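Following this message is one structure expressed as structure tokens.
The values are calculated or read from the model by the stated rules, or taken from the named source; none is laboratory data. Keep in mind that what you see is a predicted model, and the values were worked out from it rather than measured. All Cβ positions, even for glycine, are placed from backbone atoms using ideal geometry, and neighbour counts span all protein chains on display.
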């Protein structure tokens, strides 16, 4: 009966791991804007309000208003750059976990290869080509 106890112990260890692996939620590939946190939308809203205010006063813009708008634009640009760098780091982390989650790693590779603003476009299937340059599906075997 000694072998039975080892098997029971083994199964008691395997079952929780299998439960975790089988219930892993499907991850949606989020865009870089979602990595801006709560600060980026607030800064963008403030900048948009300032631009609306400047449009309404029709040419009576003072130098301080102009400088405030430039500062807000710089803050928005810095926030966007920070969000994009966090997004790229997240995608790189997905690639590093390829041995555990290969599917999400390949999705991240394709997203990174297409650029910052292409994360919302449906990914094209990557296909291998024959030495003659044709797709294997296009050739007919005889």
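Give the stretch 43-53 a look and list any residue that's closer than 30 Å to residue 114 by Cα and surrounded by fewer than 11 Cβ atoms within 10 Å (Cβ to Cβ), or say none.
First, pick out the residues of the stretch 43-53 that are closer than 30 Å to residue 114 by Cα: 43-45, 47-48.
Across the stretch 43-53, the qualifying residue is only 45.
Shifting gears a bit: Residue 134 fails exactly one of the following numbered conditions: (1) surrounded by 10 or more Cβ atoms within 10 Å (Cβ to Cβ); (2) out of contact with any helix residue (DSSP H, G or I) (no Cβ under 8 Å at 6 or more places or on another chain); (3) modelled with pLDDT of 75 or more; (4) part of a helix (DSSP H, G or I). What is the number of that condition?
(4)
Looking only at the stretch 101-131, which residues are at pLDDT 65 or above, more than 10 Å from the chain's Cα centre (by Cα), surrounded by 10 or more Cβ atoms within 10 Å (Cβ to Cβ) and closer than 30 Å to residue 36 by Cβ?
Residues satisfying the conditions are 101, 102, 103, 104, 105, 106, 109, 110, 113, 114.
Moving on to the next point. Of all residues being in contact (Cβ under 8 Å) with a residue 24 or more places away in the chain and touching a helix residue (DSSP H, G or I) at 6+ places or on another chain (Cβ under 6 Å) in the stretch 54-99, which is surrounded by the most Cβ atoms within 10 Å (Cβ to Cβ)? Just the residue, please. Lay out the reasoning, then the answer.
Pass one, the stretch 54-99, residues in contact (Cβ under 8 Å) with a residue 24 or more places away in the chain: 72-73, 75-76, 79-80, 82-84, 86-88, 90.
Then keep just the ones that are touching a helix residue (DSSP H, G or I) at 6+ places or on another chain (Cβ under 6 Å); that gives 72, 75-76, 79, 83-84, 86-87.
Numbers: 72: 18, 75: 16, 76: 17, 79: 18, 83: 20, 84: 17, 86: 15, 87: 22.
Only one residue fits best here, namely 87.
Keeping to the stretch 24-46, report how many residues are part of a loop (DSSP other than H, G, I, E, B) and either out of contact with any helix residue (DSSP H, G or I) (no Cβ under 8 Å at 6 or more places or on another chain) or at pLDDT 85 or above (or both). Spell out the reasoning first.
Looking only at the stretch 24-46, we keep the residues that are part of a loop (DSSP other than H, G, I, E, B), and these are 24-31, 37-38.
Still in the list and also either out of contact with any helix residue (DSSP H, G or I) (no Cβ under 8 Å at 6 or more places or on another chain) or at pLDDT 85 or above (or both): 24-26, 28, 38.
Result for the stretch 24-46: 5.
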